[in-house]
Amino acid sequence: MNTFNNIVKSPIEEIEKIELDLLLDAIYRCYGYDFRGYALPFIQRRVHHRLRNEKLPSISALQEKILHDPTVMQNLFCDFSINVTEMFRDPSFFKALRTKVLPKIKDKSTIRIWHIGSSTGEEVYSMSILLHEEGLYEKAKIYATDINEENIKKAKKGVFSIDGMQQYTQNYFEAGGKRSFSEYYKAIGEQVIFRPYLQTNVIFAQHNLVTDHSINEFDIIICRNVLIYFNKELQNKVHQLLYESLCLEGYIGLGKREGIKFTSYGNRYEEFDATEKLYRKYR
């Protein structure tokens with residue numbers, strides 16, 4: 001009786017937390033995707049978005065639905081896979097890469113770069129253009145990974161809507177672009193196709209930061225606006241992976257709202273560019 005009364009009197013928020021825990025556990029056990037370490041406010045927002053779209057009354061109802069209908073699970077997975085990207089996103093960041101980071105590593109025989117959360121590829125092609133203009137593309141290898149396989153498929157095609165080209169062109173020049181941006185793509189109707197050579201040295205692959213291991217040792221790791229969706233425990237776990245994947249004196253770029261200072265690995269980096277959240281591994 002006491003247990004029943006406690007359940008009845010529990011705050012709605014506590015009941016919802018239980019439902020969310022059960023939902024995320026069900027997703028992991030049934031589909032292998034582990035969202036249990038994601039930040040609670042983010043999970044709540046995306047789950048409630050899916051509830052509205054599916055017209056379901058509760059998170060428990062959503063759990064039943066995803067266990068029996070893979071299509072609903074795919075929709076929820078896409079909700080969790082935030083795709084906010086554009087060519088030369090945050091131009092000052094790419095300019096810092098061009099003017100500060102690349103000169104430091106330009107004499108290396110090979111340059112390995114890991115783009116984490118590469119989404120549909122806009123920022124990866126931006127990096128290819130940057131390396132091409134600095135004369136480093138031929139000895140570079142870019143690993144572009146994302147948790148969402150559909151994003152990877154789109155990125156491989158190198159096809160984007162022409163609607164964004166005006167903004168992308170402005171971003172390109174603000175990032176220190178040296179040519180006419182239109183040299184890098186061909187417009188066909190309402191779409192643009194980026195030149196094939198821009199993906200010659202790019203490896204696109206699905207990779208889950210939460211469950212997968214390191215894929216190489218890198219000179220540069222770009223992991224922007226990914227960690228903000230993780231709780232502190234998971235952030236530390238991922239920072240271990242990033243640290244182990246970065247060569248000594250390698251560089252890591254994070255998002256504007258992210259940092260290394262208060263993580264378990266904060267004392268192993270030096271701040272290279274505080275404004276652009278660029279750090280260099282020194283031990």
Study note, to complete from the structure: Long-range amide H partners of Ile222, meaning residues 5 or more apart or on another chain whose placed amide H is closer than 5 Å, are Trp114, His115, Ile116, Gly253
Check your understanding: Length gain on complete extension for the stretch Ala187 to Arg52, per 0.36 nm per residue less the alpha carbon to alpha carbon distance?
Key -> 44.8 nm
Review point. Quick one: if the Förster radius is 22 Å, what FRET efficiency do Ser264 and Leu40 give, using the C-beta to C-beta distance and rounding to 0.05?
Key: 0.55
Check your understanding: Of the listed peptides 112-120, 264-272, what is their order by residue-averaged count of other C-beta atoms within 10 Å, with the highest listed first?
Key -> 112-120, 264-272
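Could you compute the FRET efficiency for Glu14 and Asp163, with r as their C-beta to C-beta distance and R0 at 41 Å, rounded to 0.05?
According to the calculation, E is roughly 0.35.
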Review point. In the chain, what percent of the accessible surface is made up of carbon and sulfur (1.4 Å probe, ligands and nucleic acids excluded)?
Key: 49
Point to revise | Relative contact order computed over the range 22-140 (Cα-Cα under 8 Å; 6+ residues apart), in percent | key: 21
Review point. About its Cα centre, what dipole magnitude does the range 1-135 give when the only charges are +1 on Lys and Arg Cβ and -1 on Asp and Glu Cβ, stated in debye to the nearest 20?
Key: 420
Study note, to complete from the structure: Contour minus Cα-Cα span, Arg195 to Gln74, at 0.36 nm per residue, comes to 40.4 nm
Point to revise | Under 19 Å from the Cα of Lys281 - aspartates and glutamates, other chains or at least 8 residues apart | key: Asp107, Glu217, Asp219, Glu244, Glu249, Glu258, Glu270, Glu271, Asp273
Review point. With the radius of gyration and the Kirkwood radius both derived from the Cα set of the range 159-283, what is their ratio Rg to Rh?
Key: 1.04
Review point. Any idea of the accessible area per residue across the chain, 1.4 Å probe, to the nearest Å²?
Key: 51
Exercise for review: Would you grab the residues whose amide H sits under 5 Å from the one on Ala140? Only those 5+ places off in sequence or on another chain, please, with H modelled 1.01 Å from N.
Suggested key: Ile111
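How many percent of Cα pairs in the chain exceed 23 Å?
In whole percent, the long-distance tail amounts to 58.
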Exercise for review: List the relative contact order of the chain as a percent without decimals, with contacts defined as Cα pairs under 8 Å and 6+ residues apart.
Suggested key: 16
Check your understanding: Taking R0 as 45 Å, what's the FRET efficiency between Lys108 and Leu67 from their Cβ-Cβ distance, rounded to 0.05?
Key -> 0.35
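Per DSSP H run of n ≥ 4, the term is -39500 (n - 2.57); total these for the chain, divide by its residue number, and report the mean residue ellipticity at 222 nm rounded to 500 deg cm²/dmol.
-12500 deg cm²/dmol
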Practice item. Report the accessible area of Asp163, computed with a 1.4 Å probe over the heavy atoms of all protein chains in place, in Å² rounded to the nearest 10. Key: 130
Point to revise | In the range 26-69, trypsin sites (Lys or Arg not before Pro) in a DSSP loop with at most 13 other beta-carbon atoms within 10 Å | key: Lys55
Exercise for review: Take the Cα of Glu150, step 7 Å along the line toward its Cβ, and report every residue of the range 75-90 whose backbone nitrogen sits under 16 Å from that point.
Suggested key: 75-85
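The values are calculated or read from the model by the stated rules, or taken from the named source; none is laboratory data. Nothing here was measured: the structure is a model prediction, and the numbers come from that model. With ideal geometry, Cβ positions are generated from the backbone for all residues, glycine too; neighbour counts draw on all protein chains shown. The protein model used for the area step is the full one, side chains on, heavy atoms only, and it has no ligands, DNA or RNA in it. Shrake-Rupley method; radii C 1.70, N 1.55, O 1.52, S 1.80 Å.
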